[in-house]
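Asker: The structure is given below, and queries will be raised subsequently.
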Amino acid sequence: MAVPSPVVPASVPVTEFRARCTQLLDGVEHSGETLVITRRGRPVARLVPIRDAAPVALFGAMRGRVTIQQDLVAPVGEAWEADA
């Protein structure tokens, strides 16, 4: 049996948001609705779901941003001394 997603009101006072924060976050996540948080009847914040929450792939993330100018392992042609 599927668990029903929590109902998200259009707006809530900040005191109610504090008391039901986790439940309201779950509701916004599952319903996709925006929640307005008010203080003394005035809107002070908006809680919106993240639509593109696809994880960024680690490999290939820099594709097309890096260019290799020359051979990275070839000698550079300059003499240098290293302390042994």
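Asker: State which residue pairs qualify: first residue closer than 30 Å to residue 25 by Cβ and inside segment 45-67, second residue assigned to a strand (DSSP E or B) in any location, beta carbons under 6 Å apart, and separation of 6 or more residues or different chains.
Answerer: 45/37; 46/36; 47/35
Asker: Which of the residues spanning segment 39-84 are small (Gly, Ala, Ser) and in contact with a helix residue (DSSP H, G or I) (Cβ under 9 Å, 6 or more places away or on another chain)?
Answerer: Selection gives 45 alone.
Asker: In addition: Give the residues of segment 45-60 that are aliphatic (A, V, I, L, M) and surrounded by 11 or more Cβ atoms within 10 Å (Cβ to Cβ), sorted by residue number.
Answerer: 45, 47, 48
Asker: For residue 68, are the conditions met, namely being loosely packed, with under 10 Cβ neighbours inside 10 Å and modelled with pLDDT under 80?
Answerer: Yes; evaluated as a whole, the condition is true for this residue.
The values are calculated or read from the model by the stated rules, or taken from the named source; none is laboratory data. From a predicted model like this one, the values you see are computed outputs, not experimental measurements. Cβ sites come from the backbone with ideal geometry, for glycine too, and all protein chains shown count toward neighbours.
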